[in-house]
Structure formats: C-alpha cells, structure tokens
Amino acid sequence: MPALVNYSGDDDFYAAGSFYSNPMDLGCLLSIGPSAYYRPSKRARNDSQFAFEGSDFEQVRKPSIEVLPDECLFEIFRRLDGGKERSSCACVSKKWLMLLSSIRKVDLCKSPAADKVIQPLKLDNSDDTEMTTGEEDQELENDGYLTRCLEGKKATDIRLAAIAVGTSSRGGLGKLSIRGSNSFRGVTNLGLSAVAQGCPSLKSLSLWNVSSVGDEGLIEIAKGCPLLEKLDLCQCPSISNRGLIAIAERCPNLTALNVEACSRIGNEGLQAIGRFCSKLQSISIRDCTLVGDHGVSSLLSSASSVLTKVKLQALNITDFSLAVIGHYGKAVTNLVLSGLQNVSEKGFWVMGNAQALQNLVSLTITSCRGTTDVSLEAIGKGCTNLKQMCLRKCCFVSDNGLVSFAKAAGSLESLQLEECNRVTQAGIISALSNCGAKLRSLTLVKCMGIKDIGSAVPMPSCCISLRSLSVRNCPGFGSASLALVGRLCPQLQNVDLSGLYGMTDAGILSLLESLEEGLVKVNLNGCLNLTDEVVVALARLHGETLEVLSLDGCRKITDASLAAIADNCLFLRDLDVSKCAITDSGLAFLSCADRINLQVLSISGCSEISHKSLSSLKKLGKTLVGLNLQNCTAISNRSVELLVESLWRCDILA
C-alpha cells in the first residue's frame, strides 16, 4: 500500500514505468480486494513509446533539439545561410530569439556556396546569350535603411531582440527610438545589448524616459555600433559619465548629442565627447545638475572648428561659459540660451564683444536675467551676420536696448519678442524705423508693456522691407497703433492679429488702405469687434492675392462676408469662419462662385449651419481636402455620413 499512495504525503507523479519491476507482481494489486482505498485522481495521459525487453519495459524518449546546450545551438545558428532562416528560427521560442540576438555579425559563418564564383553558362549556337545562376533572394547590405520606434508598453527587451534579428537582412537598422518603457517588462541593458550585437549599422539612437537602461547597455552600443552619429538621452537616470565616455571613445562619427534631465551625467562625460568626437556638429544640454562651466567650456573649446549648433538650457553655468562661447564659437550658426540664472550681464556682454560669433545666424535667449540693454547692444555689434533674433521673458530689456540692437544688427531679418514687458509701442516703432533694410518679419507675443498711441505721433521713416507682422495677445495694441504700422510698413503681405479683442474696424481698414502690396495671409482670430465691413474691404482691395483667411471667433461676421469672398477672392485656398454668424445662405453664396477653389474650409461651431447646406458642401467638396464640421449642432450624424460617402477624398472632422 505505501508503494501505491506515496506514503510520505507529497503529491509526486510517478511517470515512465510501473511501480513494480516485474509485471507479474501486478497480481498483488488485484489481491487487495474491493475494500482497498484508492486516492481519486485522473488517469495520466502518456503518449510515450515503450520498449519491452523480457519482463521489463522502459520508456523510449523522442530525440529533441532542446536537449542541446546553448553553446551547441549558438554554433548551429551562426551557420545558418541567411537572414530569412535566422528570422524563422527566432519565431520558435524566446530562448532561440535571445540566442540569435546574441550573435554578432562577425560571428556568422559564410555559406560555402556564397564563396564560390558563379560562372556564366553560354548556350550553344549563340555568341551573345549567357545565363547566370544564383540565389535571387539575396540579403541587402546593412547600410541602415530601416527605422524603428517603440513607445510605452511596446518597449520591451523581447521586441528589441526581434528587431535586431529581423532587420539584419532587410537593409540594416539605421535609426532606433525608444520612448517610455513597459513598467513590468521594460527595456533593460539586455535589450540594448541585443541591438548592439545585431545592428552594427545603427546611426541614430534615442532613449526617452527609460529608467532601466544604464551604463552597461550604452557601453554595448558603443562596442557594437561604431557608426553611431546621433545620440539622444532624455530622462535616463541610470546612465552616467561612464556610458557617455564609452560612446565618445568608440563612436568617432558622432555628430549630434542631446542630453536632457540625466542627473548622473556631468563634466567628465562632456570632456570626453569634446576630446574624442572631432566631427561633433550639434550639442544640446538641458537640466543636468552635474554639468558646469568645466564641462561646457572644455567641450566648446575642443570642438570649436566644427560645432555649429549649441543649446544650453537650465544649467548651473556662469559668465565663464558664455565667454568661452564668445571666444571659441567661430563655427556656431545656431545658439539657444535658456534659463541660465547664474549668468549676469557681464557674460552676455563678453560673448558679444569677443567678436568670434561672426557666423552666428540664429540666436534665442529665454529667461536669462543677464540679458539687458547693454548686453543686447553688444550682441548686436558682435554678431554681424545675425539674421534671426528671439527674446523670450527677458524682463530687463527696454526700448533703449531694442533700438540700439536694431541699429547695430544690420543683417537682421526676423525679430521676435515674447513677454518682454518693458518694451513699449514707441520702442517698436523706433526699432522698425532704425533697423536695417533686411528686416522682413516682426513678431510680438504677450508684450503687456505695449499701449495704444495717440493719433498725433510724428511719422517716422518707413520700413519697406517688412513683409510679415504678427501681434498676438497684446491687448494694448489698438487701432491707432495698427494704422501707424500700416503707414510705416506699406509692403506687408502676411498679417496675424489674433487675440486682439480690442481691435476695431477703423484700425483694420486703415491698414488695408495703406498697404501697397496685396495681402496673402490674414489671421484675425479672436478679434470680437470686427464686422462685415472689414471682410468686404479686404476682399475688394486684396482679393486677387489673398490665399489664407482666418476669422475664428469673429462673431459679428455674417453671410455678407462670404458673398464678398465668393465674388473677389479667386485664389483663396484656406478659409476659417468657425464660431461666426454665418448661415446656410452664406455657404450657398460660396458654393455658387465659379472661380473659387477652396482646399480647406472650417465652419466649426456655426450653429446656424444645418442639413440644408449639404448640397453646397458637396459642390465645394470637388476641390476640398479638409472640412471641419465640429460642434455644428444643426447637422445630424446621418448628414455627416452622407457627406463622408460623397466626399471620399476629403478629410472631414465632425
């Protein structure tokens, strides 16, 4: 009985044979009688074959490749002929996939057939015809043609291993982006190791918010991907200077580096990049607490001959780093400085007066207390080829600094001011009249210091080069100011006045009448007080050139405006009348125009538009590629379905 029920008390299952060595002993089991107790259990299913030898029988196990150790499987896999066979084997199990992903390209054995020279076979009785035999399905060169992006839950080591095995025979992986990671089975060093071993053609790697990847993974990338050119590290707390130093030492072709919010990367890593990466052209460093003057200055001075783009944001650097930029930035063309709280006026002044930024084309400064009137003038004098200037939240820049900068920067083409509250309307007008002959674009955003001026202001000299004016969300910019700008800049073609809720018809009409060139793009979103008079005048005076018109939120615009547009605006391709007071009649006017060819139409939030406009929309749909019907409550879902069926070429939002 103990032999039957495993008297020790466990639930082990006895497979592959009988409890008795001799089959004749089974009679003992039958002699127990009906009073014996049997533990209830299911009959074990066993498909194994048995071999009988005399009175004994033994299980014969089927041969399986799984009994081979990993070393043997590795030797088998590296001898497979091509990528198709390796990909097929990778689909068998995760074990095989990970083994295949661990095989480097140098470990692969070439097929003997691949080494043979294929001789052309000439047919009899022909001098020109020859037949060549060989495999038609040959692998592509691993030049890095493919791009893969893993986001969120899809970012796992298994997927990276599959990418490493699958892309090797299809042109090679050239760009890999991993954004976020699976919280349970996220990307680790093992996944990056698989990519490093299977994708030697990798040229661009981006890691965003991948906390489980550390220095070991980046070191494997450095070893296996010597062609790497672009590296983007964002919110990778486990990567330190050690990983970045490995990249610097083994990836000499690195041209672009972006490091953001990596708390363990500091000066040593940047020094290595500057020392070994002689081809580095773009560097962006943001919110790295360990980065200071020593690392930034060493990098900039070492790569001064080729470094063209520099971004330094939210760093603990001082005036010394900006002085280095001013002395060694001979090749820099694009410079972004943001959130540098420890840089004073002296740092910006030295950067401008060092006279090394002669090739600087674009400069953006955001939230830097050291940007003052004095330093801004020095930048204008020192950067003689500066074409684009953007100042954001520079609270110490006033009218005097703006005018001085405009006089000094003779090559300036675009000027943008955002939340510079010490700049007034007088400073803007004076800067426009004193700027060089190349200024083509002026943008003002949320500059609360701008107030409307009186009508008795003397007329300054004209700025005939300005083509684009954008004044957004500056509530003090009124009708008198706009009328003066119209007389000052008669060649305007693009006008954006969105968010100027105090603007009236008088200011817009004065601007329209002052302009000598026809307007091409007009944005009046949020100008609540404008009426049909403005749109009628715009269509009459500039209808032959107008291409884009946006009137979103102009609630006093009615069907009369659409009728004027239909009669005069021949080249209009984009029209937005969302939340306007238009009705079905207005759309009917628009659809009856013979020469209008609208491509994008937005009537979102127009409650007076109903199903009666279906025929008009179908007529307009002959040329439309985009139609916005959102929040049109009078149009039923059935009407929208009919439009979708009829206008199958048009992208409809409803």
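The values are calculated or read from the model by the stated rules, or taken from the named source; none is laboratory data. As the structure is a prediction and not an experimental result, all values here were calculated from the model. Note that each Cβ is placed from the backbone with ideal geometry, even for glycine, and that neighbours are counted across all protein chains shown. In case anyone asks, the SASA skips ligands and DNA or RNA and just uses the protein heavy atoms, side chains included. Shrake-Rupley method; radii C 1.70, N 1.55, O 1.52, S 1.80 Å.
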(message) Out of the residues in segment 309-337 meeting the condition of being farther than 21 Å from ALA378 by Cα and part of a loop (DSSP other than H, G, I, E, B), tell me which one is most open to solvent (accessible area, probe 1.4 Å).
(response) ASN316
(message) Residue under question is GLU141, and the condition is that it be at pLDDT below 50, in contact with a helix residue (DSSP H, G or I) (Cβ under 9 Å, 6 or more places away or on another chain), open to solvent by 100 Å² or more (accessible area, probe 1.4 Å) and of a type outside the set (A, V, I, L, M, F, W, C); does it hold?
(response) no
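Inside segment 384-399, can you point out the residues that are hydrophobic (A, V, I, L, M, F, W, C) and either over 16 Å from LEU340 (Cα atoms) or buried (at least 22 other Cβ atoms within 10 Å of the Cβ) (or both)? Steps first, answer last, please.
Step one: list which residues in segment 384-399 are hydrophobic (A, V, I, L, M, F, W, C), which gives 386, 389-391, 394-397.
Within segment 384-399, LEU386, MET389, LEU391, CYS394, VAL397 qualify.
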(request) Tell me, yes or no, whether segment 365-378 has at least one residue that is under 31 Å from the mean Cα position of the chain (by Cα), of a type outside the set (A, V, I, L, M) and farther than 21 Å from SER321 by Cα. (result) no
(message) Checking the conditions here, which among LEU598, LEU541, LEU549 is closer than 23 Å to SER470 by Cα and crowded, with 20+ Cβ neighbours inside 10 Å?
(response) LEU549
(request) Read through the list (1) in a strand (DSSP E or B); (2) open to solvent by 10 Å² or more (accessible area, probe 1.4 Å); (3) more than 21 Å from LEU270 (Cβ to Cβ), then give the number of the only condition that LEU363 fails. (result) (2)
(message) All but one of (1) small (Gly, Ala, Ser); (2) modelled with pLDDT of 95 or more; (3) assigned to a loop (DSSP other than H, G, I, E, B) hold for ALA560; state the number of the condition that does not hold.
(response) (3)
(request) Go through segment 304-317 and count every residue that is over 23 Å from the mean Cα position of the chain (by Cα) and farther than 23 Å from THR289 by Cβ. (result) 3
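Scan segment 374-383 and tell me whether some residue there is among the hydroxyl-bearing types (Ser, Thr, Tyr) and crowded, with 22+ Cβ neighbours inside 10 Å.
Initially, segment 374-383 is screened for residues among the hydroxyl-bearing types (Ser, Thr, Tyr), giving 375.
Next cut, crowded, with 22+ Cβ neighbours inside 10 Å only: 375.
Yes, because at least one residue in segment 374-383 is among the hydroxyl-bearing types (Ser, Thr, Tyr) and crowded, with 22+ Cβ neighbours inside 10 Å.
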(request) Write out, first by first residue and then by second, each pair whose Cβ atoms fall under 7 Å of each other, whose residues are 6+ apart or on separate chains, and whose first residue, in segment 232-250, is touching a residue at least 12 places away in the same chain (Cβ under 8 Å) while the second is among the hydroxyl-bearing types (Ser, Thr, Tyr) and open to solvent by less than 40 Å² (accessible area, probe 1.4 Å). (result) ASP232/SER206
(request) Could you list, in sequence order, all residues of segment 461-519 that are in contact with a Lys or Arg (Cβ under 7 Å, 6 or more places away or on another chain) and either farther than 21 Å from SER430 by Cβ or in contact (Cβ under 8 Å) with a residue 60 or more places away in the chain (or both)? (result) ASN473, GLN493, ASN494, ASP496, SER498, GLY499
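Could you check segment 338-360 and list, in sequence order, the residues that are of a type outside the set (Gly, Ala, Ser), over 32 Å from the mean Cα position of the chain (by Cα) and assigned to a helix (DSSP H, G or I)?
Within segment 338-360, the first condition is being of a type outside the set (Gly, Ala, Ser), and the residues that meet it are 340-343, 345-346, 348-351, 353, 355, 357-360.
Remaining after also requiring over 32 Å from the mean Cα position of the chain (by Cα): 345-346, 349-350, 353, 355.
Across segment 338-360, the qualifying residues are GLU345, LYS346, TRP349, VAL350, ASN353.
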(message) Looking at segment 519-526, can you tell me whether even one residue there is open to solvent by less than 10 Å² (accessible area, probe 1.4 Å) and touching a helix residue (DSSP H, G or I) at 6+ places or on another chain (Cβ under 6 Å)?
(response) yes
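May I ask you to list the residues in segment 345-360 that are hydrophobic (A, V, I, L, M, F, W, C) and either more than 20 Å from LEU307 (Cβ to Cβ) or open to solvent by 10 Å² or more (accessible area, probe 1.4 Å) (or both)? Reasoning before the result, please.
Narrowing segment 345-360 to residues hydrophobic (A, V, I, L, M, F, W, C): 348-351, 354, 356-357, 360.
Within segment 345-360, TRP349, VAL350, ALA354, ALA356 meet the criteria.
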(message) Let me spell it out: the conditions are (1) under 38 Å from the mean Cα position of the chain (by Cα); (2) modelled with pLDDT under 95; (3) not aliphatic (A, V, I, L, M), and PHE589 meets all of them except one. Which number is the exception?
(response) (1)
(message) Can you pull out every residue in segment 629-640 that is open to solvent by 70 Å² or more (accessible area, probe 1.4 Å) and within 34 Å of the chain's Cα centre (by Cα)?
(response) GLN630, ASN631
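Residue-by-condition table, conditions (1) at pLDDT 95 or above; (2) crowded, with 16+ Cβ neighbours inside 10 Å; (3) in contact with a Lys or Arg (Cβ under 9 Å, 6 or more places away or on another chain):
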site: VAL577; (1), (2), (3): yes, yes, no
site: ASP594; (1), (2), (3): no, no, no
site: GLU608; (1), (2), (3): no, yes, no
site: SER613; (1), (2), (3): no, yes, no
site: LEU627; (1), (2), (3): yes, yes, no
site: LEU643; (1), (2), (3): no, yes, yes
site: LEU647; (1), (2), (3): no, yes, yes
site: CYS650; (1), (2), (3): no, yes, no
site: ALA654; (1), (2), (3): no, yes, no
(request) Mind listing whichever residues of segment 276-307 are among the hydroxyl-bearing types (Ser, Thr, Tyr), in a loop (DSSP other than H, G, I, E, B) and open to solvent by 40 Å² or more (accessible area, probe 1.4 Å)? (result) SER278, THR289, SER305
